[in-house]
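Peer 1: Before I ask anything, here is the structure I am working with.
The values are calculated or read from the model by the stated rules, or taken from the named source; none is laboratory data. Note that the coordinates shown come from a computational prediction; the quantities given were computed from them, not determined experimentally. All Cβ positions, glycine included, derive from the backbone under ideal geometry; neighbour counts span all protein chains shown.
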Amino acid sequence: MSGGRGPLVEVEGLTKSFHLRTGFGFRRARRELVAVAGVSFTLERGETLGLVGESGCGKTTTGRLLLRLLEPTAGVIRFAGREIQALPERELRPLRRRMQIIFQDPYGSLDPRMTVEEIVAEPLVVHGVGDRAARARRVRELLDRVGIPASWADRHPHEFSGGQRQRIGIARALALDPEFLVCDEPVSALDVSIRAQVVNLLVDLGRELGLTYLFISHDLAVVRHICDRVAVMYLGRIVELAPKASLYREPLHPYTRALLSAIPVPRPGRKRARIVLAGDVPSPLDPPAGCRFHTRCPQAMEVCRRVEPELVEVRPGHRVACHLHPAPPSNGARA
């Protein structure tokens, strides 16, 4: 782990567009889908930032952009103070050892033809780390750290449960001693009974190894347990970003309040007042003008239909993009 001050990851105006062909025959047209639209945030060293929102809001695309698994259309990505959004592959390759990903699907992310030892050792082989004996020792050390018996290293993925496969995926992500991990819904495909075990493993590893996480999820109860701050995305934009305690205690954006209202209350007989949003999420091929949430917002005003709100700080560390919460005047400004 390298030391140093300042954020480990900085994102400014990150945008990703995909060009699609729609229609049939002579009516085929080329259209632009903006999956991520001007996203900005920072990640301090050792911090866990949760990225939440409905399916299709751009969470996974954002995580893959940070690792350059997808190429950004616009914006700036800094890793340890260095801009990486336009680095050529030969300069980016050494940095890839310092940032890794844990995939959502523990069934599809492991090659069924490879043994566990080969899977976990693959990053070491690709980056030319150690000889065969050293790699074998490293694999057994990693398996032991994530709770898989080292004696099982010669088995294949189909011989393991879903939770065990995800532990193998975590071991592979740790092979190169990274500083930054993108966790792309790492427990959503697992049985409820073992989700807590994997989440607690990630918490322990983060504390022991000083890891920085971007934790992508739609499970707000899990996010509350593992994250320090939470960013809420809607249709490609961050609409609220705040420390965990502030966001869960007093969410400011109507969309955030609706998401939090859906969390089950872990007490028999108690119910939470559920906020049910009208309509469906608009298509990212044709997002609404103004605030993207106004078509479903129970508190929408006329200005929401015309002007897109900026993400502004309304409390220390608490930012929101909503016309209901304009930024307070700066010091010295007239009220």
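Peer 1: Restricting to the range 149-194, give me the number of residues that are farther than 24 Å from HIS127 by Cα, without any contact (Cβ under 8 Å) to a residue 40 or more places away in the chain and either charged (D, E, K, R) or buried (at least 22 other Cβ atoms within 10 Å of the Cβ) (or both).
Peer 2: 3
Peer 1: Separate question: Of everything in the range 47-59, what is modelled with pLDDT of 95 or more and surrounded by fewer than 20 Cβ atoms within 10 Å (Cβ to Cβ)? Give them in sequence order.
Peer 2: Answer for the range 47-59, where residues must be modelled with pLDDT of 95 or more and surrounded by fewer than 20 Cβ atoms within 10 Å (Cβ to Cβ): just GLU47.
Peer 1: Still on this structure: Please work out if GLU32 is over 23 Å from LEU260 (Cα atoms) and at pLDDT 90 or above.
Peer 2: Spelling it out, it is not the case that GLU32 is over 23 Å from LEU260 (Cα atoms) and at pLDDT 90 or above.
Peer 1: Let me ask another. Of all residues in the range 116-131, which are among the acidic types (Asp, Glu), in a helix (DSSP H, G or I) and without any contact (Cβ under 8 Å) to a residue 40 or more places away in the chain?
Peer 2: If the condition is that a residue be among the acidic types (Asp, Glu), in a helix (DSSP H, G or I) and without any contact (Cβ under 8 Å) to a residue 40 or more places away in the chain, then GLU117, GLU118 are the ones that fit.
Peer 1: Then there's this: Residues of the range 65-75 being within 19 Å of GLU179 (Cβ to Cβ) and surrounded by fewer than 18 Cβ atoms within 10 Å (Cβ to Cβ), which ones?
Peer 2: If the condition is that a residue be within 19 Å of GLU179 (Cβ to Cβ) and surrounded by fewer than 18 Cβ atoms within 10 Å (Cβ to Cβ), then LEU69 is the only one that fits.
Peer 1: May I ask you to say which residue of ALA134, ALA86 is among the small types (Gly, Ala, Ser), assigned to a loop (DSSP other than H, G, I, E, B), surrounded by fewer than 20 Cβ atoms within 10 Å (Cβ to Cβ) and without any contact (Cβ under 8 Å) to a residue 60 or more places away in the chain?
Peer 2: Result of the check over ALA134, ALA86: ALA86.
Peer 1: Separate question: Looking at VAL230, VAL182, VAL239, VAL223, can you tell me which residue is of a type outside the set (S, T, N, Q), in contact with a strand residue (DSSP E or B) (Cβ under 6 Å, 6 or more places away or on another chain) and in a helix (DSSP H, G or I)?
Peer 2: After applying the criteria, what remains is VAL223.
Peer 1: Taking the condition of being of a type in the set (Gly, Ala, Ser), more than 29 Å from ALA245 (Cβ to Cβ) and either touching a residue at least 12 places away in the same chain (Cβ under 8 Å) or in a helix (DSSP H, G or I) (or both), how many residues in the range 280-318 meet it?
Peer 2: 2
Peer 1: Select, from ALA258, ALA231, the only residue that is crowded, with 18+ Cβ neighbours inside 10 Å, of a type in the set (Gly, Ala, Ser) and under 13 Å from the mean Cα position of the chain (by Cα).
Peer 2: Sole residue among the options that is crowded, with 18+ Cβ neighbours inside 10 Å, of a type in the set (Gly, Ala, Ser) and under 13 Å from the mean Cα position of the chain (by Cα): ALA231.
Peer 1: Is it true that some residue in the range 280-295 is hydrophobic (A, V, I, L, M, F, W, C) and modelled with pLDDT under 90?
Peer 2: The answer is yes, given that some residue of the range 280-295 is hydrophobic (A, V, I, L, M, F, W, C) and modelled with pLDDT under 90.
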